[in-house]
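A short reminder: the numbers here are calculations on the coordinates, not readings from a lab. Just so it is clear, the model here is predicted, and its values are computed rather than measured. Please note: Cβ atoms are built from the backbone with ideal geometry, for glycine as well, and neighbour counts cover all protein chains shown.
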Amino acid sequence: MAGRVVLAYSGGLDTSVAVHWMGAELGLEVIAVAVDVGQEGDFESIRQRALAAGAVEAVVVDAKDEFASDFIVPTLAANALYEGRYPLVSSLSRPVIVRHLVTEARRHGASAVAHGCTGKGNDQVRFEVGTRALAPDLEIVAPVRVWGMTREETIGYAEKHDLPITISRDRIYSIDENLWGKAIECGILEDPWEAPPEDVFSLTVPTATAPLEFVIGFEAGVPVSLDGTRIGLVDLIAQVGALAGSTGFGRVDMVEGRRVGIKSREVYECPAALALIAAHADLEGLTLERDLAHEKLRLEPRFAELAYDGMWFSPLREALSAFMASTQRHVTGEVRLRCSPGGGLEVVGRRSPEGLYDYGLATYDAADSFRHEDAEGFVRVFGLGVQTWAAKQGIGRASIPGGGSE
Ligand code: ARG
């Protein structure tokens, strides 16, 4: 296999070895692409590391704004939580990275795209299905899946070829991070019974000693302000994460079902994602008509599953997003969140110029404008089918302990 390959490069051990290995073993020229989706890191030094490992070209792409607007916004619109808990952190960054791999592949005349994922995870699925959806003609190379080296052997390979790698103590964990949160795997966490050691956490270290309250403003489902000040989405996500995280809020510790059939123990820190989803879902309670809200709730888990499964670029995910987008037109207003030391988060207030809450209808006070006389007929007709069933088939009596009265 000759030619050029574009590699999703993180700067870590595996992708650094992959740069060298694909050159040496497959005769490929490697273009390394590092995509900034809001993770920690010095991208210039990552770029230099790729070149030192043998890449013919190394590109850094700042995709934070695009990640927020094209991936986080639709995901927030769907309040998407995989298996009811995981806000899809890594699942969301893969498709935006894929987009840039394909762009760079075209720009550099590459015929293949490569990633550093193992054969046991979800990320390989996301990279490959995503690439095939956007560029069915591109080949896929997955060096880590085929080279058969243990971690020790990979380190040995790097040392032997003088590759600039940084192996630090905290590398016992496999960490993936972006604007939407952080995933932590491996090490002691592989025993699902062991509590996560405090030192795995960085975004949810409790420092606040008193409850914090803040207000998030939304326009058509998109968070646009914090405590009344308009701020760009990327900064808003970071600031909400810092606030909520400072009380210890945002941890998820779960055993999750991977797409490849493996159950794995995952620890996440997602203060921004979980706070924004809580606020957004609450505002929908105020602004979405009942049937619409209920149907949306049924579709949200499906959206999460598709994103998790690497089906971001698929007709069903796109159709669900079109539905979600059409529900967001009136999701405008403000939500008051309270985070308490110890990690609790509550929604304590919400308001909207487009809210469906009608005080006159809801109140039991004198201001009551509800037409009470309509209720009796409504309830009678609503229950007519059940009443007929009970009368004709006698089920009503059978289901009451001791029998119903006749
Ligand atoms: N289990 C999560 C997911 O599939 C996190 C994956 C994190 N990736 C990593 N290389 N640590 O989305």
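What value, in deg cm²/dmol to 500, does the helix sum -39500 (n - 2.57) over DSSP H runs of n ≥ 4 give at 222 nm once divided by the residues of the chain?
About -12500 deg cm²/dmol.
Rg to Rh for region 69-116: what is it, with Cα atoms only and Rh by Kirkwood?
Ratio of gyration radius to Kirkwood radius for region 69-116: 1.13.
To the nearest whole percent, what portion of all C-alpha pairs in region 1-102 is separated by more than 18 angstrom?
Of all Cα-Cα pairs in region 1-102, 51 percent lie more than 18 Å apart.
Between region 220-293 and region 314-342, what's the alpha-carbon centroid distance in Å?
10
How big is the dipole moment of region 131-249 about its Cα centre under a simple scheme where the beta carbon of each Lys and Arg is +1, that of each Asp and Glu is -1, and everything else is neutral? Debye, nearest 20, please.
Roughly 220 debye, rounded to the nearest 20.
In region 97-227, if the dipole is taken from +1 on Lys/Arg beta carbons and -1 on Asp/Glu beta carbons about the Cα centre, which of VAL215, GLY116, LEU134 is farthest to the positive end?
Farthest along the dipole direction, towards plus: LEU134.
Quick one: length gained pulling GLU40 to GLU289 fully straight, 0.36 nm per residue minus the C-alpha distance?
85.6 nm
Counting only C-alpha contacts under 8 Å and six or more residues apart, can you give the relative contact order of the chain as a whole percent?
17
Specify the angular offset, from 0 to 90 degrees and rounded to the nearest 10, of the alpha carbon long axis of helix 89-107 from the longest principal axis of the alpha carbons in the chain.
Taking Cα atoms only, the helix is inclined about 50 degrees.
Nothing charged except the Cβ atoms of Lys and Arg (+1) and of Asp and Glu (-1): what's the magnitude of the dipole of the chain about its Cα centre? Round to the nearest 20 debye.
Dipole size: approximately 800 debye.
Using Cα atoms only, what is the angle between the long axis of helix 151-160 and the major principal axis of the chain, expressed in degrees (0 to 90) to the nearest 10?
40
What angle, in degrees between 0 and 90 and rounded to the nearest 10, separates the Cα long axis of helix 290-308 from the longest principal axis of the Cα atoms of the chain?
With both axes taken from Cα atoms, the answer is about 20 degrees.
Using only the alpha-carbon atoms, what does region 109-195 span along each of its principal axes? Please give whole angstrom values in decreasing order.
44, 35, 25
Take the Cα atoms of region 141-253, find their three principal axes, and give me the spread along each one in whole Å, biggest first.
Principal extents (Cα only, largest first): 56, 34, 23 Å.
About the Cα centre of region 53-181, how large is the charge dipole given +1 on each Lys and Arg Cβ and -1 on each Asp and Glu Cβ? Please answer in debye to the nearest 20.
With Lys and Arg at +1 and Asp and Glu at -1, about 240 debye.
Over region 6-83, what relative contact order in percent results from Cα pairs under 8 Å that are six or more residues apart?
Relative contact order of region 6-83: 30 percent.
Just check region 111-151 against the gyration tensor rule for me: Cα atoms, a ≥ b ≥ c as the square roots of the eigenvalues, rounded for a/c under 1.5, and otherwise prolate or oblate depending on whether a/b exceeds b/c.
In terms of gyration-tensor shape, oblate.
At 0.36 nm per residue, and after removing the present C-alpha to C-alpha distance, how many nm does the segment from GLU139 to LEU212 gain when stretched out fully?
Extra length available between GLU139 and LEU212 comes to 21.3 nm.
Dividing the convex hull volume of the alpha carbon atoms of region 335-376 by its residue count, what do you get in Å³ per residue?
Taking the convex hull of the Cα positions in region 335-376, it is 123 Å³ per residue.
How long are the semi-axes of the equivalent ellipsoid of the chain, taking √(5λ) for every eigenvalue λ of the Cα gyration tensor, in whole Å from largest down?
Those come to 48, 24, 22 Å.
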